[in-house]
1. Would region 270-277 turn up any residue that is exposed (fewer than 14 other Cβ atoms within 10 Å of the Cβ) and either in contact (Cβ under 8 Å) with a residue 40 or more places away in the chain or in a helix (DSSP H, G or I) (or both)?
2. Just the residues that are within 30 Å of the chain's Cα centre (by Cα) and either surrounded by fewer than 14 Cβ atoms within 10 Å (Cβ to Cβ) or not assigned by TED's automatic domain parsing to the domain that holds Glu231 (or both), please, taken from region 250-267.
3. Only one of these conditions is not met by Lys141: (1) buried (at least 17 other Cβ atoms within 10 Å of the Cβ); (2) part of a strand (DSSP E or B); (3) modelled with pLDDT under 85. Which number is it?
4. List the number of the failed condition for Asp196; all other conditions in (1) touching a strand residue (DSSP E or B) at 6+ places or on another chain (Cβ under 8 Å); (2) at pLDDT 70 or above hold.
5. Across region 270-297, which residue is farthest from the chain's Cα centre (by Cα) among those that are at pLDDT 85 or above and among the β-branched types (Val, Ile, Thr)?
6. Taking region 37-57, which residues are modelled with pLDDT of 85 or more and either touching a Gly at 6+ places or on another chain (Cβ under 9 Å) or not in a helix (DSSP H, G or I) (or both)?
7. What is the residue count in region 69-83 for residues that are at pLDDT 90 or above and not small (Gly, Ala, Ser)?
8. So, in region 70-83, exactly how many residues are outside any loop (DSSP other than H, G, I, E, B) and either more than 23 Å from the chain's Cα centre (by Cα) or closer than 11 Å to Lys110 by Cβ (or both)?
Amino acid sequence: MLAVAQINYIRHEVNQKGETYASVGRRMNIDPRTVHKYANKEEFSRKEKQTRVSPIMDPVKPIIDKWLTEDLRKKRKYQRTAKRMFEQLRDFHSFKGAYRTVRAYVAKRKKELKAINEGAAIPLESIPGTAHVDFGTAPFKYQSKVIDLPYLVMSFPFSNSFYFQVFPSENTECLLEGLQRMFHHMGGVPHTIRFDNLSPAVKKIRAKGEKLDLLILDELGYIPLNKEGAELLFQVISMCYETKSIVITTNLQFGQWNHVFGDPILTEAVIDRLIHHSHLLLFTGESYRYKESLLSD
């Protein structure tokens with residue numbers, strides 16, 4: 001079979017320049033019948049790329065792919081190594097291949113999965129005045145000993161800066177004390193704060209909430225809640241349902257609460273618990289703050 005460049009040359013010389021099959025054949029040192037064949041053929045079938053069959057690796061490739069996909073959601077220190085995968089395949093899946101074969105496939109698939117994830121990643125928008133708060137654990141040197149201690153960190157993605165406080169434990173007292181210290185040091189409060197992974201602290205709040213007689217939520221809906229915040233507030237309201245008293249102040253009608261919680265089903269569940277055994281007080285007229293301000297004169 002001729003190369004693509006030779007075929008294109010034949011088609012150009014015969015069909016565009018009007019050369020005879022014999023003259024083109026002499027210049028290319030091929031039979032004129034071959035020139036005739038390629039000059040008049042409309043389509044050329046291309047040889048499909050062959051996929052090599054690997055009877056040893058093919059049965060375990062889906063297993064390795066599943067492990068690699070699971071490890072993408074884990075911290076690096078908890079991810080399986082190629083050696084660990086080889087040992088699991090050998091011990092539990094009757095794998096008869098060599099370790100270097102598994103290692104080569106794992107390295108290849110990791111690069112492919114990394115490229116897919118990078119291509120699908122959505123850049124996060126950093127808004128000025130927005131902070132993220134989270135608890136973490138790290139080794140610290142304390143009284144000549146290195147020990148793991150929890151710390152509260154407030155980061156600002158827009159400016160790529162942060163503050164942190166080290167505490168003896170991860171609880172509600174440390175959370176509130178840390179926030180108070182940070183606000184005092186900054187001389188203000190961020191416009192928006194997102195709390196990440198604070199389930200231990202929330203459990204402490206829920207435990208202490210059982211001792212409360214009255215829960216007051218002031219200005220509900222002034223700032224919309226993210227998904228995690230809405231779910232946590234629902235847990236607190238459910239905890240107080242028919243056991244504690246709740247006072248809520250808001251300028252929004254019930255029909256507008258969906259914009260606060262972001263989920264119509266969750267919003268309906270919250271309202272359902274609040275209106276049962278409730279008293280609704282409507283205040284009309286001018287704002288008390290406005291009446292007391294200098295602008296009202």
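1. Residues of region 270-277 exposed (fewer than 14 other Cβ atoms within 10 Å of the Cβ): 272, 275-277.
Imposing the further condition that a residue be either in contact (Cβ under 8 Å) with a residue 40 or more places away in the chain or in a helix (DSSP H, G or I) (or both) reduces the set to 272, 275.
The answer is yes; a qualifying residue exists.
2. Taking region 250-267 and keeping what is within 30 Å of the chain's Cα centre (by Cα), we get 256-267.
Within region 250-267, Gln256, His259, Pro264, Ile265 qualify.
3. (1)
4. Answer for Asp196: the failing condition is (2).
5. Keep residues of region 270-297 that are at pLDDT 85 or above, which gives 270-282.
Those still in the list that are among the β-branched types (Val, Ile, Thr) too: 270-271, 275.
Values: Val270: 27, Ile271: 30, Ile275: 36 Å.
Only one residue tops the list, namely Ile275.
6. Pro55, Ile56, Met57
7. Initial filter on region 69-83 (at pLDDT 90 or above): 81-83.
Next, only the ones that are not small (Gly, Ala, Ser) stay: 81, 83.
Number of matching residues: 2.
8. Residues of region 70-83 outside any loop (DSSP other than H, G, I, E, B): 70-71, 76-78, 82-83.
Those left that are additionally either more than 23 Å from the chain's Cα centre (by Cα) or closer than 11 Å to Lys110 by Cβ (or both): 71, 82-83.
Final tally of qualifying residues: 3.
The values are calculated or read from the model by the stated rules, or taken from the named source; none is laboratory data. This structure is a prediction, so every number in the text was calculated from the model and none was measured. All Cβ positions, glycine included, derive from the backbone under ideal geometry; neighbour counts span all protein chains shown.
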